[in-house]
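What follows is a short report on a single structure.
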Amino acid sequence: MSQPLIRVDNLKVHFPVRRGLLWQRQVVKVRAVDGLTFTIQAGETLGLVGESGCGKSTTGRAILQLQRPTAGRVYFEAVELTALRGEALRQQRQRMQMIFQDPYASLNPRMTVGSLVGEPLAVHELAQGKAKRDRVLHLLDIVGLSPEHYHRYPHEFSGGQRQRVAIARALAASPEFIVGDEPIAALDVSIQAQVVNLLQDLQQQLGLTYLFIAHDLSVVRHLCDRVAVMYLGEIVELADRVSLYETPLHPYTQSLLSAVPIPDPALEAKRERIILSGDVPSPLEPPPGCRFHTRCPYVMPECRHELPVFKEAEPGHSVACHLID
Ligand code: SF4
């Protein structure tokens, strides 16, 4: 296989929790992301799924170096992003962008659409004057907005249109890699499909590579080539879309998929939900052994103290579970 566009090697993001008025002693750390290793090929869409608080967004931010990792390495082709600082990092940042969940919060309400979309062109000194305006109008066109939107403000748009503005802004500096952090989760269901289709069209047109963070597994199935399932800061299963949805191996993945409605009424009638007991444990004190053992319906004695190794169970399908040992 060719060199991946993105390579993540044992990525960790731990947040210190400090106590004490005077000395601000570090007492514990939140293990938000705890040793992720995976690659993303050019032109691919990798889905990253899991319950909220499992570390998905922190992973996306750490890949883009918006959040500096505690340990591990991230490569963009042959360039090690985690080793870069200052201007060298700024230059690489142009190649990767993030689209956020809430387009209203991510767009400055005092800036017009023209200024919002044109800002990255100015920051990276890519265009000015008429060339910048022409580029912004082209970006508005490819995301399905019209020239008269140029002078409008974010509050004048619907949620779906605002997300289109955010996508145009993310595309301004011609990035190759985009992290979508639940980019459709805040939109009306009727609008979600339009934005997903737009992201797919843009990927085709511009040869983009996506990391798509989501908790809605039906959208992930529609959009992603491969899917990684996260639980409490770790990837527990990673496979191509068909294998993951048809033969999920990890009990956590099985429970997530059992909650997804099936469009076929006959199959839907037979769908059996796997309801997990208990809440997700705190990442301040993750359980020893398999982190999922406190909720797993198949827990065995060794699960409580032995960490299952994340390894390939079938070609291209990796899982961390003692049932697969
Ligand atoms: Fe369940 Fe044990 Fe597998 Fe963890 S290792 S998912 S507790 S069976």
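List of remarks:
- Of the residues making up segment 117-172, those that are of a type in the set (S, T, N, Q) and in contact (Cβ under 8 Å) with a residue 24 or more places away in the chain are S158, Q163.
- Segment 1-95 holds strands (runs of 3 or more DSSP E) entirely within its bounds, and those carrying 1 or more residues that are closer than 24 Å to D279 by Cα and either in the same structural domain as T209 (by TED's automatic domain parsing) or modelled with pLDDT under 95 (or both) map to 6-19, 25-40, 45-49.
- For S258, the conditions (1) surrounded by 13 or more Cβ atoms within 10 Å (Cβ to Cβ); (2) more than 10 Å from the ligand (Cβ to nearest atom); (3) touching a residue at least 24 places away in the same chain (Cβ under 8 Å); (4) not basic (K, R) all hold with the exception of (3).
- Any hit, segment 306-316, residues being within 8 Å of the ligand (Cβ to nearest atom), under 16 Å from E234 (Cβ atoms) and crowded, with 17+ Cβ neighbours inside 10 Å: yes
- Extreme residue, surrounded by the fewest Cβ atoms within 10 Å (Cβ to Cβ), among residues of segment 46-75 that are more than 19 Å from R291 (Cα to Cα) and in contact with a helix residue (DSSP H, G or I) (Cβ under 6 Å, 6 or more places away or on another chain): R73
- Residues satisfying the criterion are absent from segment 121-141 (criterion: of a type in the set (S, T, N, Q) and assigned to a helix (DSSP H, G or I)).
- Among (1) of a type in the set (S, T, Y); (2) over 30 Å from L198 (Cβ atoms); (3) in contact with a helix residue (DSSP H, G or I) (Cβ under 7 Å, 6 or more places away or on another chain) - the single one S255 does not satisfy: (3)
The values are calculated or read from the model by the stated rules, or taken from the named source; none is laboratory data. The shown structure was predicted, so the numbers you read here are calculated from the model rather than taken from an experiment. Backbone-built Cβ (ideal geometry, glycine too); neighbour counts: all protein chains shown.
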